[in-house]
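Visitor: Here it is, the structure, as structure tokens.
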Amino acid sequence: MSKNTEQWSSKLGFILAAAGSAIGLGAIWKLPYVAGTSGGGAFFLIFLLFTVLLGLPLLLAEFTIGRHTQKEAVTAYRTIAPHTKWHWIGRLGIVTSFLLLSFYSVVGGWILIYLFRAFTLNIHGMTPDQFGGMFQETIANPALAIFAHFIFMLLTILVIQMGVSKGIERSSKIMMPALFLLFIVIVVRSLTLDGAMEGVRFFLLPDFSSVTGETVLFALGQAFFSLSLGVSIMVTYSSYLKSKESLPKSATSIVALTIFISILAGLAIFPAVFAFGLEPTEGPPLIFIVLPAVFSSIPFGSVFFILFMALLLFATLTSAFSLLEIIVASITKGDETKRKKAAWIAGLLIFIMGVPSALSYGILADTLFFGLTFFDFLDYLVSNILLPLGALLIAIFVPLKIKKTTLFEELSKGSSIKKVWFNIWYVLLRYIAPVAIIIAFFHVIGFWDYLNRVLFRIF
Ligand code: PFF
């Protein structure tokens with residue numbers, strides 16, 4: 001078991017890469033569509049609460065494991081708890097990453113197609129309905145959807161086979177701020193459309209009458225998805241981090257950036273949805289219909305559209321890199337000579353796994369698993385079951401297997417942490433997170449519905 005030799009060349013490099021993993025389709029594509037189908041404001045508020053009260057503590061927990069051991073996911077758990085089954089958390093993370101990347105890359109492929117389209121299409125004068133039709137046509141084409149998914153995976157493999165710091169760190173410094181800036185342009189345009197306020201209300205004003213057990217479960221899954229939690233990616237990334245960096249500060253900046261981009265995404269999408277008379281319940285296609293429509297109403301919209309798709313592609317790729325990286329790191333275990341082969345084999349298997357998802361909006365649209373298409377089924381399984389399960393196990397593992405004093409020391413490196421904050425973190429991690437996740441899980445097994453029926457009969 002070699003000590004990790006790769007180190008981030010700067011703290012900024014680590015933050016940008018971890019934020020790059022976090023910020024991606026979760027905040028920009030998934031959050032708006034899940035919020036749209038789950039009632040809007042109330043969903044978003046619960047998502048924010050989960051992000052701060054559970055996501056941040058869990059992110060810190062993953063960072064602590066990684067930096068403390070300086071090992072990739074599976075070995076990290078083995079180092080802390082040798083001769084036990086705890087390293088299965090790492091294995092679970094790898095399986096989850098594998099499944100997640102298989103459908104993530106399909107959406108990455110859609111973005112590639114849209115980027116290509118952005119160069120060739122004159123969006124001016126096109127109606128939102130036409131954009132809807134264009135989306136359906138695009139993803140229903142089996143060869144195109146599979147080809148685009150393949151190219152996206154190919155890009156991911158090529159970068160990961162080059163190695164961590166070289167591959168990822170360099171470009172994030174320019175692309176992420178550029179994405180933020182461009183989002184602000186879209187938000188300004190979206191908010192100044194006629195009828196935009198209704199969208200702002202939908203997104204920010206909570207209506208709790210629409211909250212169900214499902215809303216809570218989805219909000220929890222979304223919080224973990226957006227922060228890349230529960231798969232031990234953040235364990236692997238922080239294992240490359242030097243001791244002099246402050247973990248709480250890094251974690252807080254990543255959570256703040258993720259929340260910021262989530263708000264920007266919501267404010268970019270929902271005002272436009274209502275202004276254009278579209279439905280917020282459009283589902284996965286939502287941003288692919290709404291955003292081009294916003295661009296078509298902006299001067300130089302075509303140029304902005306190209307830029308936006310390019311930056312969204314970048315954000316999606318940095319998340320995909322993290323997913324493949326954790327798999328590759330667990331295979332190579334620090335032996336860099338194996339990196340190339342591992343990246344190709346894992347990447348190609350993920351491509352194959354993704355094919356049914358790529359066909360889910362076309363020829364497999366009617367083939368259902370538990371009432372869902374293959375794509376939606378995988379997304380449900382990963383986001384609402386596997387990620388929370390991984391997070392639950394990490395929340396149990398850290399306080400159980402690492403001494404409180406060691407945790408305090410690890411969190412105090414770089415800059416000291418106040419005892420109160422440490423204690424709040426500890427309580428949230430040890431008690432609140434497991435209870436909240438288990439309660440949300442009750443929805444999956446239908447417990448709340450059952451309870452409702454029983455109470456209804458009694459009263
Ligand atoms: N956080 C990424 C996003 O929001 O797009 C997705 C993701 C990446 C989830 C890595 C989980 C993960 F381990």
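Visitor: Provide Met126, Met153, Met197, Met134 in ascending order of the number of other Cβ atoms located within 10 Å of each residue's Cβ, fewest first.
Guide: Met197, Met126, Met134, Met153
Visitor: Report, to two decimal places, the Cα Rg of segment 90-165 normalised by 2.2 N^0.38 Å (N = number of residues).
Guide: Scaled against compact globular proteins, the figure is 1.37.
Visitor: Which of the lysines could be linked to Lys85 by a straight reach, that is with a Cα gap under 22 Å, when you skip same-chain ones fewer than 8 residues away?
Guide: Lys3, Lys71, Lys333, Lys401, Lys403, Lys404
Visitor: Taking square-rooted eigenvalues a ≥ b ≥ c of the alpha carbon gyration tensor, is segment 200-267 rounded, prolate or oblate, where a/c under 1.5 means rounded and, failing that, a/b exceeding b/c means prolate?
Guide: Since a/c reaches 1.5 and a/b is larger than b/c, the shape of segment 200-267 is classed as prolate.
Visitor: I need the peptides 447-454, 407-414 ranked by packing, meaning the mean over residues of other C-beta atoms within 10 angstrom, with the highest value on top.
Guide: 407-414, 447-454
Visitor: Give the shape of segment 134-256 as rounded, prolate or oblate, defined through the alpha-carbon gyration tensor: a ≥ b ≥ c are the square roots of its eigenvalues, a/c under 1.5 means rounded, and otherwise the shape is prolate if a/b is larger than b/c and oblate if not.
Guide: Taking the square roots of the gyration eigenvalues as a ≥ b ≥ c, segment 134-256 is oblate.
Visitor: Treat every Asp and Glu Cβ in the chain as -1 and every Lys and Arg Cβ as +1, leave all other atoms uncharged, and give the resulting dipole magnitude about the Cα centre to the nearest 20 debye.
Guide: It comes to approximately 2060 debye.
Visitor: Taking 0.36 nm per residue of sequence separation and subtracting the Cα-Cα distance, how much length would be gained by fully extending the chain between Val95 and Leu455, in nm to one decimal?
Guide: So the extension gain works out to 125.7 nm.
Visitor: Using the charge dipole of the chain (Lys, Arg: +1 at Cβ; Asp, Glu: -1 at Cβ; taken about the Cα centre), state which of Phe150, Gly90, Val444 has its Cα farthest towards the positive end.
Guide: Working it through, the farthest residue towards the positive pole turns out to be Gly90.
Visitor: Give a residue-ordered list of calculated ³J(HN,Hα) values for segment 223-237 (Karplus: 6.51 cos²θ - 1.76 cosθ + 1.60, θ = phi - 60°; whole Hz; x for Gly, Pro).
Guide: Whole-Hz 3J(HN,Hα) from phi for segment 223-237: 4, 6, 4, 4, 9, 6, 9, x, 10, 6, 5, 5, 5, 4, 5.
Visitor: Hey, got the Cα dimensions of segment 11-458 along the principal axes, in Å, largest first?
Guide: Computed over the Cα atoms, the extents are 64, 63, 43 Å.
Visitor: Can I ask one more? For a label point 7 Å from the Cα of Lys401 along Cα→C-beta, name the residues of segment 14-39 whose backbone N is under 20 Å from it.
Guide: none
Visitor: To continue, here is another question. Per DSSP helix of 4 or more residues, -39500 (n - 2.57); summed, then divided by the residues of the chain. What does that give at 222 nm, rounded to the nearest 500?
Guide: Rounded to the nearest 500, the figure is -23000 deg cm²/dmol.
Visitor: Ordered by residue, what ³J(HN,Hα) values in Hz, to whole numbers, does segment 11-28 give under the Karplus form 6.51 cos²θ - 1.76 cosθ + 1.60, where θ = phi - 60° and Gly and Pro are x?
Guide: Each residue of segment 11-28 in turn: 4, 4, x, 5, 4, 5, 6, 5, 5, x, 5, 5, 7, x, 5, x, 6, 9 Hz.
Visitor: Among the aspartates and glutamates, select those whose C-alpha is under 13 Å from the C-alpha of Lys249, and discard any that sit fewer than 8 residues away in the same chain.
Guide: Glu410
Visitor: For segment 261-277, just list the computed ³J(HN,Hα) in residue order, Karplus coefficients 6.51, -1.76 and 1.60, θ = phi - 60°, integers in Hz, with x standing in for Gly and Pro.
Guide: Using θ = phi - 60°, the values come out as 5, 5, 5, 4, 4, x, 6, 7, 8, 5, x, 5, 4, 6, 4, 8, x Hz.
Visitor: A further question on this structure: Roughly how far apart, in whole Å, are the Cα centres of segment 347-379 and segment 415-459?
Guide: 31
Visitor: Let me ask you something else. Positive end of the dipole of the chain, charges at C-beta (+1 Lys, Arg; -1 Asp, Glu), about the Cα centre: which of Ser21, Val303, Ala272 has its Cα farthest in that direction?
Guide: Ser21
Visitor: Can you list the residues of segment 355-375 with backbone N under 13 Å from a point 7 Å past the Cα of Gln136, pointing along Cα to Cβ?
Guide: 362
Visitor: In debye, nearest 20, what is the charge dipole magnitude of segment 315-403 about its Cα centre with +1 on Lys and Arg Cβ and -1 on Asp and Glu Cβ, if you could check?
Guide: Using Cβ point charges on Lys, Arg, Asp and Glu, segment 315-403 gives about 560 debye.
The numbers here are math on the coordinates, done by the rules we state, and not lab data. Treat the numbers as computed from the prediction; the structure is a model and nothing was measured. So basically every Cβ, Gly included, is an ideal-geometry build from the backbone, and we count neighbours across all protein chains shown.
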